[in-house]
Amino acid sequence: QDNVFKIGLILPMTGQQATTGRQIEAAARLWMAQNGDTIAGKKVQLILKDDTSVPDVTRRLAQELVVNEKVNVLAGFGITPSALAVAPIATQSKTPLVVMAAATSSITEASPYVVRTSFTLPQAAVAMADWAPKNGIKNVVTLVTDYGPGLDAERFFKSRFEFNGGKVPEALRVPLRNPDFAPFLQKVRDLKPDALFVFVPSGAGAAVMKQFGERGMDKAGIRLIGTGDVTDDDQLNDMGDVALGVVTSHHYSAYHPSAANKKFVADFQKANKGMRPNFMAVGGYDGMRVIYEALKKTGGKGGGDALLAAMKGQIFESPRGPVFIDAQTRDVVHNIYLRKVEKKDGQLHNVEFDVIKDVKDPGKTK
Amino acid sequence: MLTILFDGIAYGMLLFVLAVGLAVTMGLMNFINLAHGAFAMTGGYITVLLMQRLDVPFLVCLPLAFLGAALLGAVLERTLYRPLYRKPHLDQVLFSIGLVFMSVAAVDYYVGSTQQIMQLPEWLKGRTEIGSLGMGHYRLFIIAVCAALTVGLQFILAKTRFGSRLRASVDDQRVAAGMGINVNVVFLSTFAFGSGLAGLGGALGAEVLGLDPSFPLKFMIYFLIVVAVGGTSSITGPLLAALLLGIADVAGKYYIPRMGAFIVYALMIVILLWRPNGLFVRQGGKA
Amino acid sequence: MSELLKVEQLRAGYGEAVVLHDISFALGEGQTLALLGRNGTGKTTLINTLAGATRQHGGTIALGGRALHKLPSHERAAAGIGWVPQERNIFKSLTVHENLTAVQRPGRWTPERVYEMFPRLAERKGNLGTQLSGGEQQMLAMGRALVVNPRLLLLDEPLEGLAPIIVTELLRAISRITRHEGLSAIIVEQHPQAILAISDSAIVLDHGTVVHADAASTLRAAPELLDRLLGVAR
Amino acid sequence: MSDIVLSCQGLVKKFGGITATNKVSLNLRRGARHALIGPNGAGKTTLINLLTGVLDATEGRITLEGRDISDLAPHQRVRLGMVRTFQINQLFASMTPLETLALVVSQQRGYGARWWNPLGKDAKVAERAQQLLEQFHLAEVANQKTEVLAYGKRRLLEIAIALACEPRVLLLDEPVAGVPAGEREELLQTVAALPADVSVLLIEHDMDLVFSFADRMTVLVNGGVLTEGTPDEIAANQDVKAVYLGHGDEINAAMPTIAEHAHV
Amino acid sequence: MPAQTDLLRASRIKAWEPLFWLAAFAVPLLLPSHALIVNEVAIVALFAVSLDLVLGYGGIVSLGHAAFFGMGAYTAALFCKHVSPDPHLGLLAGTGTSAVLGLLASFTVLRGSDLTRLMVTLGIALILFELANKLDWLTGGMDGIQGLMFSPILGRFTFDLQGQVAAYYSLVVLVVLFFVARRIVHSPFGATLKAIRDNRLRAMAIGIPVHARLISVYTVAAAIAGAAGALFTQTSGFASIDVFEFHRSADVMLMIVIGGVGWLYGGVAGAIVFKLMQDLLSQITPQYWTFWLGLFLVVLVLVGRDRLLKPWTWWRKA
Ligand SMILES: Nc1ncnc2c1ncn2[C@@H]1O[C@H](COP(=O)(O)OP(=O)(O)OP(=O)(O)O)[C@@H](O)[C@H]1O
Ligand SMILES: Nc1ncnc2c1ncn2[C@@H]1O[C@H](COP(=O)(O)OP(=O)(O)OP(=O)(O)O)[C@@H](O)[C@H]1O
Ligand SMILES: [Mg+2]
Ligand SMILES: [Mg+2]
């Protein structure tokens, strides 16, 4: 019993966020398959729970994992409210909480035990706001889904873009439950900006892109830019040619040209019937690495605080590129790449063409 | 703005095809079938999978989606639904929600939980501009299909005796049978037809609304809104309701984007408070 | 006169419960049978069994030589049964006209002829079934049974709730239809005198069995016997 | 005229194009045993629905004990003492006759809003419910659910409910429909035995009963009042014969003639 | 008098009832590892009791009952943040605001068919959802109000990680409100509700003020749902926007239908069955548990509640 190291992995495995859960679970299992399940003499055990993206369920599951299963680390968390709901438990029980998906900036501030290996939306949005004005885009309409991450993306893009001399004539917010993007896109078309900046949860990205094409907006001279969620690697291939040429900023592309990534993608696809890993998967994969490294370093001694200390400041080469867990903010620092959708070997890929190095979460610099 | 009106009509028409099958099963058969979306999803997946894996042309997929969903509906009607007609509505809710849960998990298991994206044929992808009116070809196509469907349905229900025989069977199965109506056949064909319509709706809607295993739950509310506002006793009711909601939703989101999410719900509540039995109820009294 | 209906050893009821025991009788073409008995003796059950709306446990029913008991309810209408249920059971979401057309079969009786017989209904053609007065519903139930163009009419308390003048007219109409159009009828009624007057024969039920069968005229001429059979204390 | 309890003037009800009630004026005296007759669809039930507030009149006023009640809700009219029965039973399917009557008695005594003590806690309520059960031969089925009762028992409960409301004015819509001939008189006797100052308006197609019960009659035809008078006057009225009663005065007397006609 | 005894029989407390509640209270103590789920079940059970008052007794179908649950939850959260961390006062505040909301909303459910009511209630809950999202300065938008610290219950018992205090707190509130509801449904007031549910026309015809009754029961039920919502916030330390979500309304409806409507214990039983089932199944197969839950519902309806829950009837003839 004493020789077991338990990781409580709480993810949305059903419902609309289910893909997030699937990607992360697959990545975590891949990591364990690649690196063994005995570290520092301890057997690592992964306990998977489905929280259906309902925060109070997440919280109860976390509480039960901590109290009954005595897990050493809590990990996962598909959506921000779920992560926030569990933060007090991490604090109270001194259990490190590794956020592998949720991307709102403020999560790491909710508890000193939160460590994030995914990304924050401001990171991606700000990078785009820096790139766009340098590439002839002066006038941008934003279109985001009306919830935490969307508002983050809108706020950070807008302020940085305007700081860089750009103009945002209209900031559109799409309700979370929204079957048809037509009115919003028509509005954009009538406003005729240089580009449309989009953030929507990954599933809806395809719809936006198709309707963007259908409405002939590209032909009207409007470019489509956004954070990488829109051209989610997982689905990019199915989106078809409408996606070609879309420029996004993100921390990970399955096409990232590094040896580490090639191996990661190959192994991942082999283990999962050809499913392509996306940015969620890499968050889960790196999260497992952070936990493993911390366990190695502490040898499993000293409880949660020691573990947490060992997580802070880790630097490593991830499939996404170099990653640094900022000891101060416990948030991830990584490169943000600018990518364009292109066809390579008959498949669509986010091909990186520019990089902004070591981006800290701009949300933390206020 | 004509374009907004056009988009609203197309969206409304789409809602209509998706919901009209429910108007048939729920309104005419008086069965609360919350699993309607599951039949729509079936149609959607049939189309997407046939197109992706077997390269079946889109136009061939549509009737196949209808038939597939209708067949599934017929099989389920014979095996599971039939004993439930006489159960209380709440039991029907429980049962059909159970079916939805099962269908969601089953699709997830066999196809996976990712969004399915459909590739339309080229001729449906384009767009025609006439002055300030821009019409997407796919939306034009939806409108055409729905219009044809409405006319057909209206004909079946109004000009043939099928409609009144169906309603008679629903009102009183025992006596309807005693008057020579083959109640089982009437129910079976109606249910299969309603499910088929759902399947067709799902096939048409997958492009615009997206398709993943949570489809039946995600859009259940919209189907219900259309049927509730339209009233459950005719085909024109849900059609007008769907158009009204579609146009109001699209126009509302265009002109006052901030209020986007409220408009449909507020409109529904106001209409239902004003006309508790739906906007377009069947009224007697005219000799 | 040829025999239209022959019922033998009929046993029927609801679910497991058997209400009718070994009922046998026959009815000729163009003949009218009065079905009498106190409350709850099984008159409605017998009518409903002929219409196929109860559970039959045994026995045979033959209509014009055809084995009716083997047919499901909806095929009996085609075989020639027209049914006026006791509770009328008008289809509530159909209009008066639709109530007629939904079940109509080719033959002499058309909705138009029903409207001639009950002008009241013609005025209410477009009303929903439930928007009719009690008596109008009764008329509609009668009309609905007629447009099926049956050979045998099953009338379960068809006079209940009708105005006296309509009652006389309806009785007259029934006897006209049976005499001139060759239809047969089985009539259940609370007013035995009224119904015996237009019937050829009568059977009296008690506890689900036939306790008396006779010519209608004989029974009508013996009110004491009738009272005793029906258990009426005067 | 203080002995007019219930009266209506110029009552009109239109359903779309149909005028179901056409300028009906009617006065019900205190203690009256008044019958309302007329052909099917003449508007009798509709008139009762208007008087009790189930339907809103298109035109016209209704007064009860001199007070204009045209705008009162149905339950408020009941509180003023006007109670009815329904042509088609309207019962509480999932409750037993005992519960039903206890509820009606509680409500009638103004306890309907009490939410803490259980129904039946008040011994007087239980006592009165028991009394009614016995009076209407319902005691042996007192604890069965209403929905499983035989038709005859349900019909009795329908009337018992109305009497439990202690009406000042009682409106009966074909109360004995479906009740066998032998039991009809008994039922109406219960009604006739109500206190002398209770007024009763009876709708019925059974002329034997009507003529033995009523001291005054109103004939409704096509929504309007054809005539009003004593039973003898009505029986002798040629118009009434033509539109409602037919050629004989009583059905039974009429039968032989019909039969003879038929055999021709 | 026999009539009186017969009448009072229904409201008498049966022998098994105290046993049931004793067992409920014993669980958090004897099986402390299950205290959290007991807490969750107690809260939804209270929520279900509230819906049963409306649906089972008032005959008003509602797919938007989460509106009141959510109102209670947010009120309790805001009360803690801005007024006082005292949970008792917060509970009262949550109950009170929900009652007010219930009173206002009750006017929308007086008329119309079942379907209309279903949709109107649903619409109200969805509008509150959107409001909670839009008014992010007050409600924290999509992220909700997080990290609330409540003062100890009765000044002594601090909410613990294991959830025992929470479980007892919720259980006590459940028992108290359950018995209030129990008194209500057996009173003359409750009987008038059943009368309205069974036959509105006749209810009016015996002098029952139908609208007034429906308004009062809707308000009372909303208050109870509000209390459940407040418990939710207080025992979890946050209020998240999904308290207004459709699935909450739908789940609670499923629960009372599983347990049987028009029987207060039905809601409690349904809550227990549904929650435990969900918990158990999702442990066994986190990805596909909804399939088995769905199968359970389908079988439950096809086989019949009575026969499924009473195994001794399985071998009897149908
Ligand atoms: N649906 C039913 N289920 C079970 N038993 C029934 C049902 N309908 C009638 N019965 C029983 O069958 C018996 C015969 O009833 P039926 O209705 O045939 O009598 P009836 O002679 O038509 O009486 P009435 O003169 O009141 O119409 C009664 O004892 C009755 O309780
Ligand atoms: N809701 C309605 N809509 C349209 N017409 C109606 C409605 N209710 C009643 N009617 C019509 O109004 C007329 C009067 O009906 P009412 O029920 O008052 O008749 P009645 O005198 O009680 O007849 P009966 O003796 O047959 O019961 C009828 O012709 C009926 O068709
Ligand atoms: Mg009978
Ligand atoms: Mg009438």
Filter segment C:85-137 for residues that are within 16 Å of ligand 1 (Cβ to nearest atom) and surrounded by fewer than 19 Cβ atoms within 10 Å (Cβ to Cβ) and give the result.
C:Gln86, C:Glu87
What's the number of the only condition in (1) crowded, with 20+ Cβ neighbours inside 10 Å; (2) aromatic (Phe, Trp, Tyr); (3) not in a loop (DSSP other than H, G, I, E, B) that E:Trp137 fails to meet?
(1)
Within segment C:20-42, the residues that are under 14 Å from C:Ala185 (Cα atoms) and in contact (Cβ under 8 Å) with a residue 24 or more places away in the chain are C:Phe25, C:Leu27, C:Gly28, C:Glu29, C:Gly30, C:Gln31, C:Thr32, C:Leu33, C:Ala34, C:Leu35, C:Leu36
Restricting segment D:44-81 to residues that are of a type in the set (Asp, Glu) and on the phi < 0 side of the Ramachandran plot, which is farthest from ligand 2 (Cβ to nearest atom)?
D:Asp68
Return the only residue of D:Leu171, D:Leu157, D:Leu188 being surrounded by 16 or more Cβ atoms within 10 Å (Cβ to Cβ), at pLDDT 90 or above, within 19 Å of D:Arg33 (Cα to Cα) and not charged (D, E, K, R).
D:Leu171
Out of the residues in segment E:110-133 that are surrounded by fewer than 24 Cβ atoms within 10 Å (Cβ to Cβ) and more than 8 Å from every other protein chain (Cβ to nearest Cβ), which is farthest from E:Thr219 (Cα to Cα)?
E:Leu131
Tally of residues being within 20 Å of the chain's Cα centre (by Cα), among the hydrophobic types (A, V, I, L, M, F, W, C) and over 24 Å from B:Lys159 (Cβ atoms) across segment C:96-149:
7
Within segment C:43-52, can one find any residue that is surrounded by fewer than 22 Cβ atoms within 10 Å (Cβ to Cβ) and either away from chain B (no Cβ under 14 Å) or within 16 Å of ligand 4 (Cβ to nearest atom) (or both)?
no
Just for helices (runs of 4 or more DSSP H) wholly inside segment A:248-336: which have at least 2 residues that are surrounded by fewer than 23 Cβ atoms within 10 Å (Cβ to Cβ) and charged (D, E, K, R)?
A:259-271, A:279-298
Does segment C:170-185 include one or more residues that are part of a loop (DSSP other than H, G, I, E, B), touching a Gly at 6+ places or on another chain (Cβ under 6 Å) and either within 12 Å of ligand 2 (Cβ to nearest atom) or farther than 28 Å from D:Asn222 by Cα (or both)?
yes
Just checking, does segment D:205-217 include any residue being touching a Ser or Thr at 6+ places or on another chain (Cβ under 8 Å) and more than 25 Å from D:Arg184 (Cα to Cα)?
no
In segment C:80-95, how many residues are within 18 Å of the chain's Cα centre (by Cα) and touching a residue at least 24 places away in the same chain (Cβ under 8 Å)?
10
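Condition check ((1) more than 8 Å from ligand 1 (Cβ to nearest atom); (2) aromatic (Phe, Trp, Tyr)) across all residues:
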| residue | (1), (2) |
| --- | --- |
| C:Tyr14 | no, yes |
| C:Val18 | yes, no |
| C:Ser24 | yes, no |
| C:Gln31 | yes, no |
| C:Ala34 | yes, no |
| C:Asn39 | no, no |
| C:Gly42 | no, no |
| C:Leu46 | no, no |
| C:Gly52 | yes, no |
In segment E:115-153, residues that are closer than 30 Å to B:Ala23 by Cβ and of a type in the set (Val, Ile, Thr) total 5
Which fully enclosed strands (runs of 3 or more DSSP E) of segment D:1-48 have 3 or more residues being away from every other protein chain (no Cβ under 14 Å)?
D:4-15, D:18-29
Selected residue (criterion: farthest from ligand 1 (Cβ to nearest atom)) from residues of segment C:155-177 that are in contact (Cβ under 8 Å) with a residue 40 or more places away in the chain and more than 9 Å from chain D (Cβ to nearest Cβ):
C:Ala173
Within segment B:56-75, is even one residue surrounded by fewer than 24 Cβ atoms within 10 Å (Cβ to Cβ) and at pLDDT below 90?
no
Considering C:Leu183, C:Leu159, which residue is of a type outside the set (Val, Ile, Thr) and more than 16 Å from ligand 4 (Cβ to nearest atom)?
C:Leu183
Part of a helix (DSSP H, G or I) and at the interface with chain E (Cβ under 7 Å from one of its Cβ atoms): which single residue out of D:Gln90, D:Gln107 fits that description?
D:Gln107
Name every residue in segment C:142-159 that is assigned to a helix (DSSP H, G or I) and either within 16 Å of ligand 3 (Cβ to nearest atom) or of a type in the set (A, V, I, L, M) (or both), in order of residue number.
C:Met142, C:Ala145, C:Leu146, C:Val147
Name every residue in segment A:125-184 that is in a loop (DSSP other than H, G, I, E, B) and hydrophobic (A, V, I, L, M, F, W, C), in order of residue number.
A:Ile137, A:Val168, A:Leu176, A:Phe181
On the given criteria, is D:Val200 under 25 Å from D:Gly41 (Cα atoms) and within 16 Å of ligand 3 (Cβ to nearest atom)?
no
Quick one: would you say B:Phe66 is within 10 Å of another protein chain (Cβ to nearest Cβ), on the phi < 0 side of the Ramachandran plot and assigned to a helix (DSSP H, G or I)?
no
If we only count helices (runs of 4 or more DSSP H) wholly inside segment B:158-258, which ones have 2 or more residues that are within 11 Å of chain C (Cβ to nearest Cβ) and either touching a Lys or Arg at 6+ places or on another chain (Cβ under 7 Å) or surrounded by fewer than 21 Cβ atoms within 10 Å (Cβ to Cβ) (or both)?
B:162-171, B:173-178, B:183-209
Out of everything in segment D:110-141 that is among the polar types (S, T, N, Q) and more than 7 Å from chain E (Cβ to nearest Cβ), what residue ends up being nearest to D:Val179 (Cα to Cα)?
D:Gln135
Which listed residue, of D:Gly38, D:Gly10, is closer than 29 Å to C:Gly126 by Cα and more than 16 Å from ligand 2 (Cβ to nearest atom):
D:Gly10
It is to be established whether one or more residues within segment E:238-258 are in a helix (DSSP H, G or I), farther than 25 Å from A:Ala85 by Cβ, aromatic (Phe, Trp, Tyr) and more than 14 Å from chain D (Cβ to nearest Cβ).
no
Free of Cβ contacts under 8 Å to residues at least 60 places away in the same chain and either buried (at least 24 other Cβ atoms within 10 Å of the Cβ) or not in a helix (DSSP H, G or I) (or both) - does that describe any residue in segment E:91-107?
no
Would you kindly identify the helices (runs of 4 or more DSSP H) lying entirely within segment C:1-106 that contain at least 3 residues that are over 21 Å from C:Leu155 (Cβ atoms)?
C:96-101
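The values are calculated or read from the model by the stated rules, or taken from the named source; none is laboratory data. Predicted model only: the values in this text are computed from it and were never measured. Using ideal geometry, Cβ is built from the backbone for each residue, glycine included, and neighbour counts are taken over all protein chains shown.
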